[in-house]
1. Counting Lys and Arg as +1 and Asp and Glu as -1, what is the net charge of the other residues whose Cβ lies under 10 Å from the Cβ of A:Tyr188?
2. So if R0 is 25 Å, what FRET efficiency would A:Leu6 and A:Thr159 give, r being the distance between their Cβ atoms, rounded to the nearest 0.05?
3. At what distance in nm do the modelled label points of A:His21 and A:Ala113 sit from each other, each positioned 7 Å from its Cα along Cα→Cβ?
4. Would you compute, from DSSP H runs of 4+ residues alone, the mean residue ellipticity of the protein assembly as shown at 222 nm, taking -39500 (n - 2.57) per run and dividing by the full residue count, rounded to the nearest 500?
5. What three numbers, in Å, describe the spread of the alpha carbons of the range B:9-229 along their principal axes, ordered from the longest?
6. Is there a quick way to get the dipole size of chain B? I mean about its Cα centre, with the Cβ of Lys and Arg at +1 and of Asp and Glu at -1; what is the value in debye to the nearest 20?
7. What is the Cα centroid distance between the range A:1-56 and the range A:171-230, reported in whole angstrom?
8. Check the axis relating chain A to chain B and name the residue of A whose C-beta is nearest, distance in whole Å.
2 protein chains.
Amino acid sequence: MATVGLPHSSTCEQAILDTWHANAVPWLHAVRGQTIASRVLVTDRAILETVCARHPRTAIDLGCGEGWLVRALASRHIDALGVDAVDALVQAAKRAGPGRFLTLDYAAVAAGALTERADAIVCNFSLLGDTSVNGLLRAIPGLLTAGGALIVQTLHPLTAMGSTYRDGWREGSWSGCGDGFGSAAPWYFRTIGGWLASLSGAGLQLTQLLEPLHPHDGGPVSMILVARVA
Amino acid sequence: MATVGLPHSSTCEQAILDTWHANAVPWLHAVRGQTIASRVLVTDRAILETVCARHPRTAIDLGCGEGWLVRALASRHIDALGVDAVDALVQAAKRAGPGRFLTLDYAAVAAGALTERADAIVCNFSLLGDTSVNGLLRAIPGLLTAGGALIVQTLHPLTAMGSTYRDGWREGSWSGCGDGFGSAAPWYFRTIGGWLASLSGAGLQLTQLLEPLHPHDGGPVSMILVARVA
């Protein structure tokens with residue numbers, strides 16, 4: 001969780017992409033092998049229930065990875081599109097079941113590469129950068145149908161803050177994800193106020209904030225932000 | 001911070017009022033003697049700056065206590081009304097300087113006893129109950145001018161949560177407030193999601209969330225919620 005000695009912000013942004021490209025295979029195994037306890041216990045169901053509670057007809061999962069959430073939505077008769085920068089994950093997603101998938105990075109989405117709108121746009125633990133995320137968020141209003149919502153699940157700032165409660169780059173870790181991972185990328189920590197400022201800067205307005213709790217220790221495992229066009 | 005053994009919710013609500021009546025004098029000394037370090041270092045200025053940044057013409061301070069914030073706003077040419085349930089504090093406020101003051105409890109405000117509207121309605125560490133607070137919040141839309149805002153400063157859930165991150169009654173304490181206090185009342189802990197649900201249930205929509213930090217340890221000292229009519 002050290003914040004000193006990290007490279008420049010643009011280097012950190014690139015490292016996030018490089019790291020996901022390099023670790024696609026262990027990630028696939030981690031998700032499909034149900035290795036990550038917090039996902040199995042809490043956060044998979046939390047994001048699925050939050051999306052489904054809105055009864056969307058269409059959904060876009062940005063940073064979909066190997067596609068489990070798109071498959072879960074598609075099996076509930078939601079027309080779901082998964083988008084990820086890592087083609088190896090997108091190809092694995094296409095082979096695994098229903099749902100549509102596209103290989104696009106966030107810069108491309110921010111630049112307008114997606115030409116369809118959806119009732120729900122979901123980012124499930126997939127907003128890891130600073131300016132790359134702000135750029136992506138600014139594209140969201142143009143991707144939502146009237147009345148649609150952005151639904152973001154992220155680490156809860158309370159449990160993820162480490163020693164400093166301040167927006168900034170932090171050293172990453174694959175701890176808890178199982179075996180086979182190489183080096184981890186930095187990630188950009190956002191305070192609660194930081195998340196709200198980023199949403200606001202993108203023309204989005206928070207409408208709901210959920211804090212799924214750990215069934216054993218009662219602490220908040222994640223935070224789910226639901227936002228609409230302001 | 002124990003949550004077991006607390007009396008019934010309505011008893012807790014009454015205990016809050018009883019305790020403030022019983023501790024008006026030491027509270028007056030604590031505030032006027034600048035005894036509470038977090039107020040002096042961080043939160044007094046934070047609430048004042050947040051209110052003033054909106055350039056309100058009129059303000060109502062609900063749970064104004066001995067009136068320091070009303071005086072600070074009045075000295076900045078804001079027509080400020082302070083409201084508190086404890087007449088001893090209201091009388092002390094009236095004697096101390098400019099601003100208008102009324103003795104009313106939250107049940108009375110919730111029932112429509114206030115007949116004026118304001119550009120800013122402020123609750124500075126004054127929302128301590130459960131249903132009493134929800135009742136008060138439901139009255140806020142009727143007290144705001146068009147474009148007006150509710151501004152709530154409260155303990156930051158991250159630092160105030162104790163061992164359980166779950167909405168509920170907690171045992172209180174006057175720790176850090178100086179000498180002369182009797183027993184403390186329970187208070188109702190709200191998670192961040194709990195605060196947002198209470199605002200939403202009152203027809204209010206969060207527009208800004210600020211997290212003033214401690215200048216020494218960098219941790220969040222308080223949380224300021226800014227909301228408008230939804």
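1. Details: positive: A:Arg170, A:Arg190; negative: A:Glu13, A:Asp130, A:Asp167.
Spelling it out: positives minus negatives among the neighbours equals -1.
2. Working: r = 21 Å, r/R0 = 0.83.
Approximately 0.75, to the nearest 0.05.
3. 1.2
4. Values: 18 runs with 155 residues, N = 460.
That calculation yields -9500 deg cm²/dmol at 222 nm.
5. In descending order, the Cα extents are 41, 38, 38 Å.
6. Taking the Cα centre of chain B as origin, the dipole is about 500 debye.
7. When both Cα centres are located, 10 Å separates them.
8. A:Leu158, 2
All of the numbers you see were taken from the coordinates with simple rules; none came from a lab. For clarity, every value in this text was computed on a predicted model and none was experimentally measured. Virtual Cβ from ideal backbone geometry, glycine too; neighbours counted across all protein chains shown.
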